[in-house]
Amino acid sequence: MEVEIKNLTRVSLSLLASLIYCHFISSRIPKGKIRLVSLLPVFYLFITLPICFASLFPKAITSLFVSWLANFKLALFAFDHGPLSSDQSNSLLQFISKTLLPVKIKQNEKHPPSQPPQNSPKLPLNLPAKVLLFTVLVGVNDYKSSFHEKWILGLYCCMVYLLVDIIFGIFNATVHAILRMELEPPSNEPYLSTSLQDFWGRRWNLMVTNLLRHTVYNPVRSSLGSLLGQWAPLPAVVASFLVSGLMHELLFYHVTRASPSWEVTLFFVLQGACLVVELAVKRWFGGRWQLHWAISGPLTVGFVVMTAMWLFFPPLIRSGADERAIDECKMFLNLVKGEGLKWIRKLI
């Protein structure tokens with residue numbers, strides 16, 4: 001624990017120094033390629049920071065928040081786009097918060113990505129309910145020897161969804177409390193998705209979706225618009241999923257330190273290809289034919305879950321990262337439970 005605290009201190013100081021440099025020096029450089037070059041040392045540092053940790057969760061969180069999301073935000077910042085652009089009037093505290101934390105400020109957009117289809121059902125789970133359910137699933141994992149392998153993988157799917165939503169939700173609540181910003185929710189009940197477009201574009205991990213839209217989808221669509229016309233969005237979708245797959249490979253490498261197997265990249269490319277087919281079919285029928293949500297919902301969620309069992313989880317299971325993650329969750333939950341009991345005893 002003491003070693004990890006030292007590692008956290010070193011990483012935090014590195015992040016603070018880097019972002020002070022970005023805010024006070026790089027922001028003074030004209031936007032474009034020159035500012036991008038000035039940020040190259042920061043990009044490299046952010047990619048290497050996760051290996052400073054020994055525990056799995058600090059590696060994973062640093063890889064996702066810093067190596068991926070923060071670097072993408074800074075890439076947009078190089079061209080004065082995104083949440084760090086000059087027209088956002090960021091103070092140093094806001095600049096650091098928006099760079100490092102997985103939050104998206106709520107805006108009045110014409111077509112907000114979080115807007116669900118009007119005919120979809122609503123069954124919201126709030127943050128405390130998700131924490132409670134995740135705690136129960138961690139306990140259920142102790143008896144996984146009694147379950148079939150497919151059930152265990154299904155359990156992992158539920159745990160990943162809950163864990164990602166809990167982590168993003170906690171940071172959302174923290175930033176809202178400190179900076180008083182109105183923020184987009186981290187996700188929009190993806191288990192109610194009625195199509196792949198609904199799942200990946202409007203419901204699952206909206207912060208990452210929005211960032212990929214601005215860093216990959218929009219530039220590719222714009223560059224191919226004159227060549228492909230109305231079909232330009234399709235290769236832009238595939239490019240977005242390819243980049244997402246590669247960034248997940250980096251995250252998996254940070255966590256497992258194993259050579260990439262490219263299974264997770266294939267998972268996201270497959271999702272992108274199937275989404276392209278879905279969009280093409282919708283365009284072909286012109287929205288005149290649509291399955292009822294009671295049919296399309298289970299088909300959508302089932303497809304994502306089955307492909308995740310096939311391609312997403314095997315690299316983590318082979319490396320033992322799944323067991324280490326669950327063990328760290330148990331340690332954290334036991335710590336919270338112990339501190340909570342101490343607090344209750346003091347009150348009594």
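Of everything listed in (1) at pLDDT 95 or above; (2) closer than 30 Å to LEU56 by Cβ, the single unmet condition for CYS274 is (2).
Number of residues in the stretch 75-97 that are surrounded by 21 or more Cβ atoms within 10 Å (Cβ to Cβ) and touching a Gly at 6+ places or on another chain (Cβ under 9 Å): the value is 1. Every condition in (1) open to solvent by less than 30 Å² (accessible area, probe 1.4 Å); (2) under 21 Å from the mean Cα position of the chain (by Cα); (3) modelled with pLDDT of 95 or more is met by LEU39 except one, and the failing one is (2). Only a single criterion out of (1) open to solvent by less than 30 Å² (accessible area, probe 1.4 Å); (2) among the small types (Gly, Ala, Ser); (3) more than 20 Å from LEU74 (Cα to Cα) is not satisfied by ALA54, namely (1). Take the conditions (1) surrounded by fewer than 16 Cβ atoms within 10 Å (Cβ to Cβ); (2) of a type outside the set (Ser, Thr, Tyr); (3) not in a helix (DSSP H, G or I); ALA173 misses just one of them, which is (3). If you go through the stretch 176-225 and keep only what is part of a helix (DSSP H, G or I), at pLDDT 90 or above and of a type in the set (Gly, Ala, Ser), you end up with GLY201, SER222, SER223. Sub-6 Å Cβ pairs linking a first residue in the stretch 1-24 that is touching a residue at least 40 places away in the same chain (Cβ under 8 Å) to a second residue that is of a type in the set (Phe, Trp, Tyr), at least 6 apart or interchain, are ASN7/PHE53; HIS23/PHE95, ordered by first then second residue.
In the stretch 13-36, the residue that is most open to solvent (accessible area, probe 1.4 Å) out of those that are modelled with pLDDT of 95 or more and of a type in the set (Ser, Thr, Tyr) is TYR21. Consider the stretch 257-271 and keep the residues that are open to solvent by less than 70 Å² (accessible area, probe 1.4 Å) and either among the hydrophobic types (A, V, I, L, M, F, W, C) or modelled with pLDDT under 95 (or both). The one that is farthest from PHE53 (Cα to Cα) is LEU270. Can you find a residue that is in contact with a Lys or Arg (Cβ under 9 Å, 6 or more places away or on another chain) and assigned to a helix (DSSP H, G or I) anywhere in the stretch 312-332? Yes, the stretch 312-332 has at least one match. Screening the stretch 140-170 for residues that are among the small types (Gly, Ala, Ser) and modelled with pLDDT under 90 and picking the one that is surrounded by the most Cβ atoms within 10 Å (Cβ to Cβ) gives GLY169.
Taking ARG221 as the residue in question, decide whether it is open to solvent by 60 Å² or more (accessible area, probe 1.4 Å), among the charged types (D, E, K, R), in contact (Cβ under 8 Å) with a residue 24 or more places away in the chain and over 15 Å from TRP68 (Cβ atoms). Full working, then the answer.
Working: open to solvent by 60 Å² or more (accessible area, probe 1.4 Å): yes; among the charged types (D, E, K, R): yes; in contact (Cβ under 8 Å) with a residue 24 or more places away in the chain: no; over 15 Å from TRP68 (Cβ atoms): yes.
So ARG221 fails the test.
The C-beta contact set for the stretch 31-46 (first residue among the hydroxyl-bearing types (Ser, Thr, Tyr), second residue modelled with pLDDT under 95 and part of a loop (DSSP other than H, G, I, E, B), distance under 7 angstrom, 6+ apart or interchain) comprises SER38/ILE29.
Restricting attention to the stretch 200-218, the residues that are touching a residue at least 60 places away in the same chain (Cβ under 8 Å) and either open to solvent by 50 Å² or more (accessible area, probe 1.4 Å) or not hydrophobic (A, V, I, L, M, F, W, C) (or both) total 8.
If only residues of the stretch 203-230 that are under 30 Å from ILE166 (Cα atoms) and β-branched (Val, Ile, Thr) are counted, the one that is nearest to the chain's Cα centre (by Cα) is VAL208.
The values are calculated or read from the model by the stated rules, or taken from the named source; none is laboratory data. Keep in mind it's a predicted model, so treat the numbers as computed, not measured. Cβ coordinates were reconstructed from backbone atoms using ideal geometry, including for glycine residues, and neighbour counts include every protein chain displayed. Please note that ligands, DNA and RNA were not included when accessible areas were found on the heavy atoms of the full protein model with its side chains. Shrake-Rupley method; radii C 1.70, N 1.55, O 1.52, S 1.80 Å.
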